[in-house]
1. For region 197-218, which positions are closer than 30 Å to residue 156 by Cβ and either open to solvent by 50 Å² or more (accessible area, probe 1.4 Å) or in contact with a Lys or Arg (Cβ under 9 Å, 6 or more places away or on another chain) (or both)?
2. Take residue 13 and tell me if it is among the β-branched types (Val, Ile, Thr) and either part of a loop (DSSP other than H, G, I, E, B) or under 30 Å from residue 224 (Cβ atoms) (or both).
3. Would you please name the residue that is surrounded by the most Cβ atoms within 10 Å (Cβ to Cβ), looking only at residues in region 419-436 that are among the charged types (D, E, K, R) and assigned to a helix (DSSP H, G or I)?
4. Which one of these is closer than 21 Å to residue 283 by Cβ, at pLDDT 90 or above, among the hydrophobic types (A, V, I, L, M, F, W, C) and open to solvent by less than 10 Å² (accessible area, probe 1.4 Å): 94, 51?
5. Within region 224-249, can you find the residues that are modelled with pLDDT of 90 or more, surrounded by fewer than 18 Cβ atoms within 10 Å (Cβ to Cβ) and aliphatic (A, V, I, L, M)?
6. When residues of region 272-331 are filtered for being hydroxyl-bearing (Ser, Thr, Tyr) and out of contact with any Pro (no Cβ under 7 Å at 6 or more places or on another chain), how many remain?
7. Let me confirm something: among 416, 410, 354, 329, which residue is modelled with pLDDT under 90, touching a Leu at 6+ places or on another chain (Cβ under 6 Å) and in a helix (DSSP H, G or I)?
8. Just need a number here: residues in region 437-451 that are exposed (fewer than 10 other Cβ atoms within 10 Å of the Cβ), assigned to a helix (DSSP H, G or I) and not hydrophobic (A, V, I, L, M, F, W, C).
Amino acid sequence: MPLLLLVAGSAAVAAAGRRVPVPVPLLLVAAGLAVSYVPGVPDYTLDPHVVLPLLLPPLLYTAATDSSYLDLRAQARPVALLSVGYVLFATFVVGCAAYLIVPGLPLTAALVLGAVVAPPDAVAATAVARRVGLPSRITTILQGESLVNDATAITAFKVALAAAVGEGATWAGGIGEFLIAAVGGVGVGLVLMVPLHWLRTHLREALLQNTLSLLIPFAAYAVAEQVHASGVLAVVVVALYLGHRAWEVDFATRLQEEAVWKMVAFVLESAVFALIGLQLPVVLKGLGEYEGAEAAWYALAVFLVVAVARFVWVYPATFLPRLSARVRAREEDLSWKGPFVIGWAGMRGVVSLAIAFSIPLTVHGGEPFPERNLILFLTFTTVIGTLVVQGVSLPPLIRLLKFPAHDVQAETLAEANAQAQASRAAEQRLDDLLADERNALPAPLADRLRTVLERRRNAVWERLGQVNSVTGETVDDTYRRLSRAMISAEREVFVRLRDGRYIDDEMLRTLLRRLDLEEAAAYRETT
């Protein structure tokens, strides 16, 4: 029952949040904080054995399949500098700062805290980028960073934790473990991606293909972790490949898969942010001796170090490579605005909390892990602070900076040219097929095929033309609206015939699915 209430409540808050200007992740966190103090609400303690293998893989998978492999490859340098370089830099800087700020905190434990709060969250970055409409290059960099940085942070955490609990970790051993995890994770992904894609394209039923799709992220993560490689990187590599080759899967699978993964992402993202807020009582119960102004000062200091360290890394990592003539020739000129947004978009999330809760209670000698409860508290306050301060201020900041708007005219023209080339190829294919007597069709049916092709070719060009002076719609928009109205009228007749027992429910479902596919073809997303 608590799990059901969590999912239902977070989904309801997320749905309501879409109608208000406040970012949905922040509303969910605030709702979790408020509900956590309602009498009778149980403690929702984050279990890292649940969050990391069960929540992280599907969230990474859906984010990676929605990303562009080609765009990420074009931005490989900034993505690598953020997802690897920045995470290691933040681990060291935050760890050293915490060591100096908190009396009695061992350096090894402080580095554990640094690794925990180092990675910006994949869910938060994707949610914000989707909401505020960032320029495509910045969105690609943030998404690419969020896909890979968890792997870096988890590996850095393992190395720092081994030193903290007394396993005698060394820098050389840490670097070796990082390389093994990274290379192994990528290797597992490369090994799995081709057979998984082959299986997807050879299953004949969309239901089976979508079932496989739901299993893929968990399987890739589990296989990689079984061989002590990075499950995060394995999932990302597989998802990028499958997303890049999604056009080879049949249309029914794509239609179902899009709907299924949208639902999965919505439910998981909503529950994840609500879970963050629900952790407050759990964290405060174990805070112990650190209370009041002292705890607040530590929390503020760590938050400021996390925020400032990102800018300290982002600007040099952006502009120093441009000292190379090859980089300047390959990349467009940059202003200070893009790096500023990237620096300010470093929200932390549930992965940091899940890693923090995986810190053991004791070290090898049996003594309590040094300041474990304080590390949990500082992780929680850093996550909340970044979500509140940066999450709330980022949309107005982007509007204030006035990034160039998308050139809708140019995008529509590119779409029209692409459609024209595709239509010419389809028309040539149709002529070749109809020339074969085995494909003979009555003239009306052949004309219908040509009409559909012509309509598809002209539709995009019509969006570049004049609009209706009364409604403000383009000819294409009016056509789509009228088409949907006609389909709606047909649908009402089919239902009336079913209710009158002239057709049965099975036939109704067949007819409705046919109309659904036609409506999907006629519908164009406008938001």
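The values are calculated or read from the model by the stated rules, or taken from the named source; none is laboratory data. Please read these numbers as outputs of a predicted model, since none were measured by experiment. Note that each Cβ is placed from the backbone with ideal geometry, even for glycine, and that neighbours are counted across all protein chains shown. Remember, those area values only see protein heavy atoms, side chains included, never the ligands or the DNA or RNA. Shrake-Rupley method; radii C 1.70, N 1.55, O 1.52, S 1.80 Å.
1. Selection gives 215, 216, 218.
2. On the way: among the β-branched types (Val, Ile, Thr): yes; either part of a loop (DSSP other than H, G, I, E, B) or under 30 Å from residue 224 (Cβ atoms) (or both): no.
No, not satisfied.
3. Restricting attention to region 419-436, the residues satisfying the condition of being among the charged types (D, E, K, R) are 424, 427, 429, 431-432, 436.
Now narrow it down to the ones that are assigned to a helix (DSSP H, G or I): 424, 427, 429, 431-432.
On the way: 424: 12, 427: 15, 429: 10, 431: 10, 432: 10.
Filtering first and then ranking leaves 427.
4. 94
5. Within region 224-249, just 227 meets the criteria.
6. Total meeting the criteria: 3.
7. Values: 416 fails: touching a Leu at 6+ places or on another chain (Cβ under 6 Å); 410 fails: touching a Leu at 6+ places or on another chain (Cβ under 6 Å); 329 fails: touching a Leu at 6+ places or on another chain (Cβ under 6 Å).
One residue alone meets the criteria, 354.
8. Number satisfying all stated conditions: 3.
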